[in-house]
Amino acid sequence: MEKGERSLGEAINELRSKVAELSNFVEIYSIATRNSIMFNLDRKGDFISAKKGDSPLREIEGKSFLSVLKEGERKKAAENFMRCLEGERVSTSVETKDGKTFNVVAMPITDAGTEGIQGIAMEETRRGEFEELFDAIGEAMCISDLLGNIEMANRPFSSLLGYENIKSKNIFDFIDDASSPEIREGVREALAGRRQKKEAYVVAADRTKIPVEIEISEVNGMELLFRITETRYRNRIEREIEEISEKKDERLQDFKEKLSMISELDGKTSLQDLYDAAIRTIMKFFDANSCFIGMFSEGEFNIVAYHGDKPSDVPVDGIMEAASKNGLYEIYGEENHVYAPLSVHKKVTGAIGLKLDPELSDEDVMLLKILAMYFAKSAAYVSSESSLKSYRETMSRAVEGMYRTTFDGKIVKVNPAFARIFGYEGREKELKKINAENLFLNPEDRKKFIGILERDGVVQHFETKYVTRNKKVIFGRESAWIINDSNEKMIEGMFQDITHEMKMEEDARFYNSLLRHDIYNKNEIAIGYIGLLKSSDLSEKERKIIDKAVRAITEGNKLIETVKKLEIIREKKEMSNINIDNIMKQVIEHYAEEARKRDIEISYEPSGAIVMGNELVEDIFSNLLKNSIEHSYGQHIKIYAKDDDEGWSIFMEDDGVGIPEEEKNKIFQQGWKGQGSTGSGLGLYLVKKIVDGFGGKIWVESGEDEYPEGCRFVVWLKKGGIATKKNRSEIIGNESRVARVRW
């Protein structure tokens, strides 16, 4: 770098230091992501103000900051608050009541003494975003352990070196022998916490030596991150610039200095620093009235930094079209607007926008394109490095077991929780030597697991028996998905030890069955004895008392039958074809006498409907018809069915009093009873449980906007017609008894 360029870099560093000393440091860097929260606290720890982006969070103003945190986080947070009041700048992470984790940076407000605290809280980036960003970065990168053994490499890394599979190799397998000592020294410096940049040669698969710059960083004390930039392209650009003009006039020198300033964006370690530096650079390079940087996140375009007027309307469609042509989107008129798309690996990630008076020169257009290219790559790199750190921390802190294996069973990586569950805590190397199949009590379950994964791409809640290091059998619940790691298909998943839950479930089922059987039998005996007593010479008053006792015991047995049916719903897995016409004939015949007593006419239109279910289908319509007869106070009940592509809707309509609007969302809840009802409150709850178990839907329509004539229940069930005993296509893995039935 030439002397003029060094002076310029020193001036920028001095300016950056002065900006960081300002009391409104937090406000300058607050627009880091759209999930950032900027806040101010008074000396008591109460929120003076808080806002997310440009939106004030009024609901927490005046409240203690401890009130939004989980109980286990409050002691640590209070200690950090006191440190900050004493003048320290604090960086930490906290977990809120709703389970979200935020990284927090806070510092004291100093104005005639410490008056409070200001800070930023940023929600941690999810693991999936890191994987996507890491592979999308256009520069060659890889992650190794502390000895240089490569654990992960992106596509540009493989492409640069000409290898399809990088895994199981060491970084020094690709470093030229003459460059190895310099790179080893760089690794030692990086392990000491000092990021290094070294010039070197790497050797490609065809034995070609490629000049590169290697940046080495230590990540979380556990791994090394290597970023490799090919320098021959940069050298070629510099040679072409020199050939454009033999005379190094002021214009060319100015352009080179600007290129040097752009390259300094490459060294930023946080998105806040990067956004701020880019805005300063844009305003310095171009005679702009205002400028902004916007990024895409979850399909939305968000302004993350700006100078001057914040734009209210950004032409996203025009920017996307310009990106497809590798150009700028320019609007010239009373106000001139220029937009430069930000792209990484042909994916548009955002845009830089300027509002200016003069049109851009050809030189400025080139400069803006270069600036956009450097900024996009730097933003992707900083995001991926932050996501990597977050992912590693999540892996180490998770209470669930997390792992990564090959399809043939080689265990590549596990977190501490996984090792602890299987008895390999402190023996992770021993665990990695065994095959994942050996963790299953029955190896055939592993084959079944792999079969589902290859078919569907994901396995959810697979439950079976596993075996630990000391041969103890445990019950586990496993979920997994397929990932691509350095162009190799691998399995990544989560594991839960549910042994205790299974034991409790089995005990509950045993006692439930025992109580149902014994109480029901004893009730039947009691009814028999009361019947004998009733045949003796009793007064009318005594007979009425006995009748009440018999009704009470009978209702108790009905309740036991309902509980038994709920147990059947939970345990029953097989379904078959059910003829709705036959079911309706039986149900209507059963309630015909009761309907006649109440002067109610029941009509049914046969439909030929065949649905998937079991013997409990009859209970659905028996309960609904009984409910309509007893509580509708109408004169007519009409039942009919209509089909669609996937199922049948069975309608039961009455012309009664209907259901109040405020009650419609409650009628399927456990224990709900209508006004004046003496039942158990389990009838419609049982109906909903059965319908849900069959993978169907049930709802009620009543009122002017839905069904003004009275009340209409609608039951939708899947079509039958295929001779099968197990129509459980939505079940993934073994049936989950602990998590209740999954239909």
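The table for this structure:
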{"quantity": "Order of Thr405, Thr208 under a 10 Å beta carbon neighbour criterion, fewest first", "calculated": "Thr208, Thr405"}
{"quantity": "Among 136-146, 333-343, 312-322, the order from most to least packed when residues are scored by Cβ within 10 Å on average", "calculated": "136-146, 333-343, 312-322"}
{"quantity": "Residues Trp648, Trp481 arranged by fewest to most Cβ contacts within 10 Å", "calculated": "Trp481, Trp648"}
{"quantity": "Count, lysine Cα pairs under 14 Å in segment 574-718, 8 or more residues apart or across chains", "calculated": "11"}
{"quantity": "Neighbour net charge for Asp145 - beta-carbon separation under 10 angstrom, K R +1, D E -1", "calculated": "-2"}
{"quantity": "Cβ-derived FRET efficiency at R0 30 Å, Leu191 paired with Val473, nearest 0.05", "calculated": "0.10"}
{"quantity": "Phe449, Phe668 arranged by Cβ crowding within 10 Å, fewest neighbours leading", "calculated": "Phe668, Phe449"}
{"quantity": "Cβ charges +1 (Lys, Arg) and -1 (Asp, Glu), total dipole of segment 127-234, debye", "calculated": "240 debye"}
{"quantity": "Protection proxy ranking, peptides 631-642, 429-440, average beta carbon neighbours within 10 Å, highest first", "calculated": "631-642, 429-440"}
{"quantity": "Cα-based shape type of segment 568-627, given that a ≥ b ≥ c are square roots of the gyration tensor eigenvalues and the cut on a/c is 1.5", "calculated": "oblate"}
{"quantity": "Gained length - Glu561 relative to Ala526, 0.36 nm times residue gap less alpha-carbon distance", "calculated": "10.9 nm"}
{"quantity": "Computed FRET value (nearest 0.05) for Ser91 with Val316, which takes r as the C-beta separation and R₀ as 51 Å", "calculated": "0.90"}
{"quantity": "Ranked packing of 621-628, 181-188, most packed first, by mean Cβ within 10 Å", "calculated": "621-628, 181-188"}
{"quantity": "Links that overshoot a 29 Å alpha carbon limit, given the list Lys70/Lys429; Lys100/Lys433; Lys198/Lys377", "calculated": "Lys70/Lys429; Lys100/Lys433"}
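Read the figures in this text as sums done on the coordinates, not as results from a lab. Keep in mind the model is a prediction, meaning the values are calculated, not measured. Positions of Cβ are generated from backbone atoms using ideal geometry, with glycine treated the same way; all protein chains shown enter the neighbour counts.
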